[in-house]
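J.: This is the structure I want to talk about, given as structure tokens.
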Amino acid sequence: MFKIEHFYEVDSTNDVAKQLAANGAPEGTVVISEIQRKGRGRKEREWFSPKGGVWMSIILRPKVSPPRASSLTLIAGLAVAKTLSELYNLECKLKWPNDVLINGKKVCGVLTEISAEIDKINYVVVGIGINANIDIASFPGEFRDVATTLKNELNKDILRDELTEQLLEELEKLYKIFQKQGFSKLKEEWKKSASTIGRKVRVVTDRRTIEGIARDVGENGELFVETQEGIEKIISGDCIHLR
Ligand code: BT5
């Protein structure tokens, strides 16, 4: 299903993928770059993207209503966690919505961007960044404490082609299930790997801050938090695990 477009250096693989998608590139086109000059996190935050990482963006054109596409962020995280467990026996935890953690530190982040009409998706770009063969010491000070790398966890370099290939295979399997049966079919598996559910959390959204116990995720990847006022449904935000 996948066709890989390889680059040495780009600003952001998500930007290249969006451009290709807007020009009609088919579902399954994958943009990979060795280096990103302006790797992005959510809300235009910086994503440190030196040589040695796996920086890639996948173009998808799911035939679902636009709100359903948000769960692709969770599905991509699950695919990464499963791949890192299968290949390297690493135990990963998923933090809602888009972090893959090893021992509480971020090894991978996902940035999903959507172009849609009211009732129809034009394309989705799922950007995945995995800190693979990077020395943690090379991270800028402000990120070093929150991040980890596969090299740091395994004390050796990994084969990035093998990781990419296996991850795309895993993602394809999960995506097929999502297309046929929606995220509800994958939700239990996501929850099993998640460290967010059952935890006291603080979630900061554009409009407010919500504190409570994270109870569940919904069909569109939203988080349900039990607060003193009742259950709150959160579509997007930054989640902090408390205690
Ligand atoms: C993310 O945002 O975690 C999404 C990261 C997506 C990166 C991929 S790489 C391929 C594709 N092309 C792109 O331009 N992006 C995607 P967010 O949840 O907002 O987290 C951003 C925060 O993570 C930053 O503010 C830092 O604190 C931290 N951070 C930055 N670089 C990091 C890294 N390499 N590893 C771990 N944490 C990092």
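J.: Here are the criteria: (1) in a helix (DSSP H, G or I); (2) modelled with pLDDT under 95; (3) acidic (Asp, Glu). Tell me which single one Asp119 does not satisfy.
T.: Only one criterion in (1) in a helix (DSSP H, G or I); (2) modelled with pLDDT under 95; (3) acidic (Asp, Glu) is unmet by Asp119, namely (1).
J.: Next up: Tell me which residues, restricted to region 155-177, are within 16 Å of the ligand (Cβ to nearest atom) and either touching a helix residue (DSSP H, G or I) at 6+ places or on another chain (Cβ under 6 Å) or at pLDDT below 95 (or both).
T.: Across region 155-177, the qualifying residues are Ile158, Leu167, Leu171.
J.: Which one of Val110, Val124, Val146 is in contact with a helix residue (DSSP H, G or I) (Cβ under 9 Å, 6 or more places away or on another chain) and near the ligand (Cβ under 10 Å from one of its atoms)? Steps first, answer last, please.
T.: Values: Val124 fails: near the ligand (Cβ under 10 Å from one of its atoms); Val146 fails: in contact with a helix residue (DSSP H, G or I) (Cβ under 9 Å, 6 or more places away or on another chain).
That would be Val110, the only listed residue that is in contact with a helix residue (DSSP H, G or I) (Cβ under 9 Å, 6 or more places away or on another chain) and near the ligand (Cβ under 10 Å from one of its atoms).
J.: Going through region 39-58 one residue at a time, which ones are crowded, with 18+ Cβ neighbours inside 10 Å and either closer than 19 Å to Ser138 by Cβ or polar (S, T, N, Q) (or both)?
T.: Gly39, Trp47, Phe48, Ser49, Gly52, Gly53, Val54, Trp55, Ser57
J.: Under 22 Å from Lys180 (Cβ atoms) and either among the small types (Gly, Ala, Ser) or touching a Cys at 6+ places or on another chain (Cβ under 7 Å) (or both): which single residue out of Ala69, Ala17 fits that description?
T.: Result: Ala69 is the single residue among Ala69, Ala17 that is under 22 Å from Lys180 (Cβ atoms) and either among the small types (Gly, Ala, Ser) or touching a Cys at 6+ places or on another chain (Cβ under 7 Å) (or both).
Conditions (1) within 14 Å of the ligand (Cβ to nearest atom); (2) more than 15 Å from the chain's Cα centre (by Cα), marked per residue:
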site	(1), (2)
Ser33	yes, yes
Arg42	yes, no
Arg45	yes, no
Arg61	no, yes
Lys95	yes, no
Gly104	yes, yes
Ser115	no, yes
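The values are calculated or read from the model by the stated rules, or taken from the named source; none is laboratory data. Note that the structure is predicted; figures quoted are calculated from it, not measured. Counting neighbours? That spans all protein chains shown, and the Cβs are built from the backbone with ideal geometry, glycine included.
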